[in-house]
Structure formats: C-alpha cells, structure tokens
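The values are calculated or read from the model by the stated rules, or taken from the named source; none is laboratory data. Here the structure is a predicted model, which is why all the values come from computation and not from measurement. Cβ sites come from the backbone with ideal geometry, for glycine too, and all protein chains shown count toward neighbours. Side chains are part of the model used for accessible areas, which takes the heavy atoms of the whole protein and leaves out ligands, DNA and RNA. Shrake-Rupley method; radii C 1.70, N 1.55, O 1.52, S 1.80 Å.
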Amino acid sequence: MGRILMIAALVVVGFFVIGWLIGFVFSAIKWILVVAILAFVAMAVMRLLRSGSSGRDDYH
C-alpha cells in the first residue's frame, strides 16, 4: 500500500512540475515575442525618421 501511495505522490508532483515547466516556457515565449515586436517597431520608427530627415536635407 505504501508503494502505491508513493507512486501516486510522484505522479502528482510530476504533474505540478510539468505544469510549471509548460507555464515557464510559454511565459518565456511571450516575453521574447513582446521584445521582438518592440524592437521591430523601434527599428521601423528609426528607419522612418532617418528617411524623413535625409529627404528634407536634400531639398535644402
């Protein structure tokens, strides 16, 4: 009987660990996507500002 309880306890702990790992992986993916989107937006804004300022300098 004790061996069955030990296996059941290990299964429950295993599910907790798997749930924590899955949550950690998805949280990491979410933050990587957020940082990538922010970097892409910043790069696009810098490109627009650079092209806008160089265009104005040509006319003066």
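One quarter of the convex hull surface, Cα atoms only: what value does that give for the chain in nm²?
About 3.5 nm², averaged over all directions.
For the chain, what is the accessible area per residue in Å² when the probe is 1.4 Å?
96
Rounded to whole Hz and in sequence order, give me ³J(HN,Hα) for region 13-23 from the Karplus expression 6.51 cos²θ - 1.76 cosθ + 1.60, θ = phi - 60°, writing x for Gly and Pro.
5, x, 5, 4, 5, 4, x, 5, 5, 5, x
With r as the distance between the Cβ atoms of LEU49 and ILE29 and R0 = 30 Å, compute the FRET efficiency 1/(1 + (r/R0)^6) and round to 0.05.
According to the calculation, E is roughly 0.50.
Would you mind telling me the share, in percent, of accessible area of the chain contributed by carbon and sulfur at probe 1.4 angstrom?
On the chain, the fraction of accessible area on carbon and sulfur atoms equals 80 percent.
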